[in-house]
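Quick note: the coordinates plus some simple rules give every number you see, no bench work behind them. Computed from a predicted structure; not experimentally measured. So basically every Cβ, Gly included, is an ideal-geometry build from the backbone, and we count neighbours across all protein chains shown.
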Amino acid sequence: MPREILSVAEMVAADRAAVAGGTPTAVLMERAGEAVAQAVRARYARRPVVIWCGPGDNGGDGYVAARHLRRRGWQVVVEVAYPPSTDAARRAASRWKGETRPLSTELAAGALYIDALFGAGLSRPLEGEVARLARLCREQPLAIVAVDTPSGLHGDTGRPLGEAAFHADLTVTFHRRKRAHVLVEGRKACGEIVVADIGLRSVQDVDLFENDPRLWERRFPWPALDAHKHTRGRLKVVSGEAWNTGAARLSARGGLRIGAGAVTLLSPPSALAVNAAHLEAVMLAPFETDADLESAGEQADAVIIGPAAGVGEVTARNLAALARTGAALVVDADALTSFRRDPEELFACLDRDDVLTPHPGEFERIFPGLLAGSPERIAAAREAASQAGAVVLLKGADTVVAAPDGRAAVSLNGTPWLATAGSGDVLAGFIGGLIAQGMESFEAACAGAWIHAECGARHGPGLIAEDLPGLAPAALAELYRRR
């Protein structure tokens, strides 16, 4: 089953549902604190531990973790920032029989610190000694484990609520990741993230998911026993002029590697010779006018337009012609920028089977002010998909895929090695190739993004875009074995 990503409100609802179903908060707290202790013991050699406890249930988790670590022979001190303020936290504090002292800003380099001050539900900036401690921690190389989220982060955006926030090497959260755990700013503050099962049930009607194979692998378009190239999908890619052809070839090769049975590069006459010199299994066909493109698109299941296509009215007309064919469109790069003066003209050409693949700069051109004005990237991508009436893939270290019906997914396997010219062209090819094979567009965009990142991680340093299509077979073979 795909794993949901929860908002703070949804996590609160899951907790309340568990309590209403007969599991007391004290029991959930005991499970959470024990999970923190287990994660610490699994990852760190025994050393002195200082646990900072706040007033709420996050602090209660800290008292429980202290008890379990002490029981295992660890030297533990609890430092109290505020007295416990909830019944469950007071109960947990009363069961802690070890050393307790006020919160201190005197830090020891060899100790392990556990931040159980405030969890994902914090809604105001850190204050007083807690804020001072957070600032001091950023100046010293300390080992810090956070309970739920590092204190001072907003649980829905991953951004600091004020000037001071903690950063952790390890964050232990419960039941499901929250948005702060998947958006890049929060992920950087959280370090390694462990999701512990404390016996909660899934929340109903959640439509935000981790983008990994559990979300789409059951509908991945593996070929049937009697498959041939014409049943595996027809993908076409629009090339730029003679001096701008490499990006489209990268897309075409990506589509071929991901499994499309027949891939054709549609080339202006001036670029035929240079494209022919570089193509083998990818076919080549000329076009001169938007009418020619429309005719070619009628023989395709999916068409990619944008990679080095040229910015301007010609590309805008070409996209409009392809939109009349019924083929699903993957709209990237120059094809997006060509509509920067009138995004509504682009949206009028699209339907829910089409996919837009902007990086943040292109996103701003087509959806001006939306990214800056949204609380976070998930909300921005969802609103963009609603405005465009198409799937939107907002690229980044935390790539977000959003559908017009509200579904969204966030990639967790992003890698900085993909930050290289042409990488996005291959991604467009992966997505177009999957759509051509009959995969639903939202799932194709999710699968393409995950496989793309997996390829980048497999290669690592020194990656260039030309490497990516050749890395796809190993990633696909692993998926095939998992069926």
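Summary of computed values
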item	result
Residue order, fewest to most surrounding Cβ atoms within 10 angstrom, among Ile378, Ile51, Ile193	Ile193, Ile378, Ile51
Proximal aspartates and glutamates relative to Lys97, as straight alpha-carbon distance under 19 Å, when same-chain residues fewer than 8 apart are discounted	Glu30, Glu34, Asp57, Asp61, Glu79, Asp87
Label point distance in nm, Arg16-Phe347, each placed 7 Å from Cα along Cα→Cβ	3.4
Sparse-neighbour loop sites [trypsin sites (Lys or Arg not before Pro); segment 313-389; at most 14 other C-beta within 10 Å; DSSP]	Arg324, Arg340, Arg341
Net charge contributed by nearby residues that have their C-beta within less than 12 Å of Ala397 (K/R +1, D/E -1)	+2
Pairwise FRET efficiency - His228 versus Arg365, Cβ, R0 = 51 Å, nearest 0.05	0.80
Cleavage-rule hits (chymotrypsin sites (Phe, Trp or Tyr not before Pro)) in segment 207-282: DSSP loop, at most 15 neighbouring Cβ within 10 angstrom	Trp243
Distance (nanometres) between label positions extended 7 Å along Cα→Cβ at Gln204 and Ala372	4.2
Ranked by how many other beta carbons lie within 10 Å on average, peptides 99-109, 194-204 from highest	194-204, 99-109
Cα centroid of segment 322-362 to Cα centroid of segment 280-299, whole Å	18
Angle between the chain longest axis and helix 423-436 axis [Cα atoms, degrees, rounded to 10]	70
Extension gain from Arg72 to Gln140, taking 0.36 nm per residue of separation minus the Cα-Cα distance	21.7 nm
